1. Indicate the gyration tensor shape class of segment 139-255 (rounded, prolate or oblate), computed on the Cα atoms with a ≥ b ≥ c the square roots of the eigenvalues: a/c under 1.5 is rounded; otherwise a/b larger than b/c is prolate and the rest oblate.
2. What is the calculated FRET efficiency for Ile168 to Leu116, with r their C-beta to C-beta distance and R₀ = 22 Å, to the nearest 0.05?
3. How far apart, in nanometres, would the label points at Leu345 and Asp237 be if each is projected 7 angstrom from Cα along the Cα-to-Cβ direction?
4. Can you tell me which of 263-271, 63-71, 176-184, 98-106 comes out highest on packing, and rank the rest after it, using the mean Cβ neighbours within 10 Å?
5. Of the lysine pairs in segment 141-269, how many meet both conditions: Cα atoms under 28 Å apart, and a spacing of 8 or more in sequence or different chains?
6. With the Cα gyration tensor of segment 52-177 giving a ≥ b ≥ c as the square roots of its eigenvalues, does the rule (a/c under 1.5 for rounded; else a/b larger than b/c for prolate; else oblate) give rounded, prolate or oblate?
7. At 20 Å minimum axial length over the Cα atoms and a Kyte-Doolittle cut of 1.0, report the qualifying DSSP H helices in the chain, or say none.
8. Quick check: from the Cα gyration tensor, does the chain come out rounded (a/c under 1.5), prolate or oblate?
Amino acid sequence: MSAQATTPSPPSPPTQSATGLEKRTAERSLARRFLARPEVGALIGAIAVYAFFWVAAPTFRPADSLSTVLYQASTLGLMALPVSLLMIGGEFDLSAGVAVITSSLTASIFAYELTLNVWMGVIAALVVSLAVGFFNGYVLVKTGLPSFLVTLGTFLMLQGLNLAVTKIFTGNVATNDISDMQGFSSAKAIFASDITIAGVPVKITVLWWLLFVALATWMLLRTKFGNWIFAVGGQKDSARAVGVPVARTKIVLFMLVGLGAWFVGMHELFEFNTVQSGEGVGNELLYIVAAVIGGCLLTGGFGSAIGPAIGAFIFGMVTQGIVFAGWNPDWFKFFLGVMLLGAMLLNTWVRRQASRR
């Protein structure tokens, strides 16, 4: 008997239903990746807030008004950025608000009292700001105390020092005017100048803010240190077990907050020429609010650099939008609370939708 040869039939082409299924799966995958981004909720909120004030306040629409909104957002966003990185790393800094004023006071008093070029004061303020950040991080990792308690102590110390030291050197609660001192013009050009773009004056802080957001985004997504930040914020014990330098990472994050406080403090000084020693109290909450609105979790391990930037932009729109609409500014804190609760609910809903798809 001879075996009958059989020729295998060629595979049938995929049916239309299978192709459609693969397409729908790919679309769901893309949607899931988009919804999983920390800043999606803030982006949706920003569009809604912008549309609201566009309708409610016609004076909100011109380019000059947008420039004012961006300036307001940049002064908050420059500090919200390092604060958000610290939150991703699982910690808080309640001294961030008064640390800005400590930086301004240090630069002003150091340069004025010693009759130095103001750039010497700028350098002294940088050293002090980084030292404050190092102190917070070092005490945290050596004692194991919660960052809430460590930085609350630093907040109270800096608040007292700001007032006491200023009174010792100036005899009142404000620093002396340094606008006629050597080096003031060049420092103002870097920290507080105006740049005209398409006929619209824009504060240089807006450009610095966008640059720092881009650098922070690159660091979080493309560098080893960015991976360390997420690791120590999510599971620090597991991170330590695989060789992540947890203590060093946390100290560096606190020092980045100090660096941000220095930069914003220099802007405050060279924008207004003098500084009130009692300012800054309560601003630390605004930085945290911007980070939370931007999708950073209070528990750490999740967030982005773009999200807090959008959160700061929302803050700027509400702050100036209330003015442009002619409303009573006393309502601002109410709107701030609404934004915080709304953002948390929206971010939670977005993450749930991303996990279900």
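1. Numbers: a/c = 3.53, a/b = 1.33, b/c = 2.65.
Here segment 139-255 falls in the oblate category.
2. Details: r = 18 Å, r/R0 = 0.84.
The computed FRET efficiency comes out at 0.75.
3. Rounded to a tenth, the inter-label distance reads 3.6 nm.
4. On the way: 263-271: 25.3, 63-71: 18.3, 176-184: 15.7, 98-106: 29.6.
Packing proxy ranking, top to bottom: 98-106, 263-271, 63-71, 176-184.
5. Details: Lys142/Lys224; Lys142/Lys236; Lys142/Lys250; Lys167/Lys188; Lys188/Lys203; Lys224/Lys236; Lys224/Lys250; Lys236/Lys250.
Lysine pair count for segment 141-269: 8.
6. Numbers: a/c = 2.32, a/b = 1.24, b/c = 1.88.
Judged from the Cα gyration tensor, segment 52-177 comes out oblate (a/c at least 1.5, b/c at or above a/b).
7. Numbers: long enough: 16-35 (28 Å, -0.81); 40-56 (24 Å, 2.18); 63-88 (34 Å, 1.30); 96-113 (25 Å, 1.23); 118-143 (37 Å, 1.77); 147-170 (33 Å, 1.35); 204-222 (27 Å, 1.86); 246-272 (39 Å, 1.25); 306-324 (26 Å, 1.73); 332-356 (36 Å, 0.62).
For the chain, where a helix must reach 20 Å along its axis and average at least 1.0, the hits are 40-56, 63-88, 96-113, 118-143, 147-170, 204-222, 246-272, 306-324.
8. Numbers: a/c = 2.48, a/b = 1.73, b/c = 1.43.
In terms of gyration-tensor shape, prolate.
Just so you know, all these numbers are worked out from the coordinates, no wet-lab data involved. Nothing here was measured: the structure is a model prediction, and the numbers come from that model. Counting neighbours? That spans all protein chains shown, and the Cβs are built from the backbone with ideal geometry, glycine included.
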